[in-house]
Structures are given as structure tokens and as C-alpha cells.
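Take a look at the structure below.
The values are calculated or read from the model by the stated rules, or taken from the named source; none is laboratory data. Keep in mind the model is a prediction, meaning the values are calculated, not measured. Backbone-built Cβ (ideal geometry, glycine too); neighbour counts: all protein chains shown.
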Amino acid sequence: MPLSEITVKAPATSANLGSGFDVFGLALQRPSDKVTMVLTTAGVKIQISGFSAETISAVPEKNTAGVVANLMLQEFSLKTGLSITIEKGIWPGKGLGSSAASAAAVAYGLNHMFNLDLTNEQLVKFAAKGEVASAGYEHADNVSAAVCGDFVIIKSYNPIEIICLKAPTNMECCVSFPHINTPTNKTEQARLIVPRTVPLEKLVYNVGQAAAMASGFATGNIELIGKSMHDSIVEPARAFLIPGYLKVKTR
């Protein structure tokens, strides 16, 4: 018999670390979302509270959690309805994987409720589809970190292949963001700015930085992780979107 109710705590995440655009993701200890799912007779209904809840659609087809719920209910022929209550502890639109947390929580929760025995890669595949409701396209870096925890590398998108590495236990992260209004399709707009062609020397530089960061996590070398937090392609192109970003980075 499936569980009739489950509550999942989903962490904030940071993606695109250094030169790891669409590839690197890191789960943070805080903040987090709390998502409660209760089986009902029919349909998917969503209630949202917490940070900027009024800015998030409760329409299942326009909510990352609702998209994942509908998809999994259909995929596994689960003849039930679902009531989803989302308590937002992660501020939306600030680059902390707010939409990913909701999507990952539903995928993870339904897997446990119905004993689906899904792998992390399968969970990420479902959760990534939920990101379309928020970002306009599927991307797995944030949801992978939310599902797996610690540090993740997206080795491949088709098929989804994930490498999970433990973050050093004594590593601390400082996360800052400006209090500015961001458009609802922030991620989609920011993606349009990414260069489509790059000089070879910048590609070589980025590969070196990415390899060094992965090595830092693999060996627990916090200093190497910090020194590898550089990108010569995506970050410079999008820096103007965040007022004062370059000044903060130099400090």
C-alpha cells in the first residue's frame, strides 16, 4: 500500500559553479523548502506559502511541482489525486534553485510514496522536466544537486548521467544576492545572452578550471575549489544583469 502522506525537505542549490555551466551543482544546507504531499481522490492541487508565494503560480501546469506530479502520475499509471503544499523557504528568482527544490521534492516524494524504486538519474530526469514551467527549458544541474545532495557533475544529458561527489565537511559557502526585481522568465532571458561560439583559448581555460574544481571536490581540497571558481565565457557575458556583481566578485 502506498503512503497516504509524505513531507520532503528540499535544499537550495547553486549551479553553474565557476566554468561548470549546466554541468556543476551544489546543494546548500540552508535555506530549504518543505513540500507536503497528500493523496486525494482526483486531480493535482497546489497551495503555496512562504517567501514570495504570491508570485508563484499554483496552476499545476505552470508550477514545477505540478508538472512533475502530473507527469509521474501519468507515467506510472497512479490512479490517484494529489494535494501539494509548498512552504517556500528559498526566495524565488535569486539563483538558489527555488523552482528546482519544488520539482525535486515531488519526484523524490512520489518515489517513496509508491515504492517506485527509481534511480537518482530517473528522479533527475522527471524533476528536470518540471523546470520547463519556470525556466522555459529542461536543465538538470540544480535538480541533480537537490536530489543527490553535495556536489554533482552532469556528465551527460542524453542519457542523463550524474557523478556525485561529497563536499568537504568543513567547507563553507557565502551566498549573496541583490534585492532587485527579476522577471519571471529570468533564466530563459539569461540563457539567450550566452555566447554561441567561443575562442579556443577561452574554451581551454574553462576546461582547466572545471577539471581543477572537480579534482578539488574529489580530494577535499577546499583551497583548490575556491581558486577554480572562474569562468571566461558565460559569467562575463551575463555579469551586467546583476548590479555591482564585478565589485562583489573582486572582494
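Among residues belonging to the stretch 10-30 that are touching a residue at least 60 places away in the same chain (Cβ under 8 Å) and touching a Pro at 6+ places or on another chain (Cβ under 9 Å), point out the one that is surrounded by the most Cβ atoms within 10 Å (Cβ to Cβ).
ALA12
Scanning the stretch 198-251 for residues that are basic (Lys, Arg) and not in a loop (DSSP other than H, G, I, E, B), which turns out farthest from PHE21 (Cα to Cα)? If you could, list the steps in order and put the result at the bottom.
Within the stretch 198-251, the first condition is being basic (Lys, Arg), and the residues that meet it are 202, 227, 238, 247, 249, 251.
After this cut, where a residue has to be not in a loop (DSSP other than H, G, I, E, B) as well, the list is 202, 227, 238, 247, 249.
Details: LYS202: 14, LYS227: 17, ARG238: 12, LYS247: 22, LYS249: 18 Å.
Checked the stretch 198-251; the qualifying residue farthest from PHE21 (Cα to Cα) is LYS247.
Would you check if CYS148 is in contact with a helix residue (DSSP H, G or I) (Cβ under 9 Å, 6 or more places away or on another chain) and more than 19 Å from GLY18 (Cα to Cα)?
Against the criterion (in contact with a helix residue (DSSP H, G or I) (Cβ under 9 Å, 6 or more places away or on another chain) and more than 19 Å from GLY18 (Cα to Cα)), CYS148 qualifies.
Within the stretch 168-177, identify whether any single residue is over 26 Å from GLU138 (Cβ atoms), surrounded by 13 or more Cβ atoms within 10 Å (Cβ to Cβ), among the polar types (S, T, N, Q) and not assigned by TED's automatic domain parsing to the domain that holds SER99, and answer yes or no.
no
Could you list, in sequence order, the residues of the stretch 117-165 that are of a type outside the set (S, T, N, Q) and part of a loop (DSSP other than H, G, I, E, B)?
Of the stretch 117-165, the ones of a type outside the set (S, T, N, Q) are 117-118, 121, 123-133, 135-141, 143, 145-155, 157, 159-165.
Those that are of a type outside the set (S, T, N, Q) and part of a loop (DSSP other than H, G, I, E, B): ASP117, LEU118, GLU131, GLY136, TYR137, GLU138, HIS139, ALA140, GLY149, ASP150, PRO159.
Would you point out which residue out of PRO195, PRO168, PRO178, PRO183 is under 22 Å from ALA65 (Cα atoms) and either assigned to a loop (DSSP other than H, G, I, E, B) or modelled with pLDDT of 95 or more (or both)?
PRO183
Could you give me the residue pairs with C-beta distances under 6 Å whose first residue belongs to the stretch 206-217 and is crowded, with 21+ Cβ neighbours inside 10 Å, whose second residue is in a helix (DSSP H, G or I) wherever it lies, and which are 6+ apart or on separate chains?
MET213/ILE225; GLY216/LEU224; GLY216/ILE225
Just give me the residues in the stretch 66-94 being of a type outside the set (A, V, I, L, M) and under 15 Å from ILE46 (Cβ atoms), in sequence order.
Let us first name the residues in the stretch 66-94 that are of a type outside the set (A, V, I, L, M), namely 66, 70, 74-77, 79-81, 83, 85, 87-89, 91-94.
Result: GLY66, ASN70, GLY81, SER83, THR85, GLU87, LYS88, PRO92.
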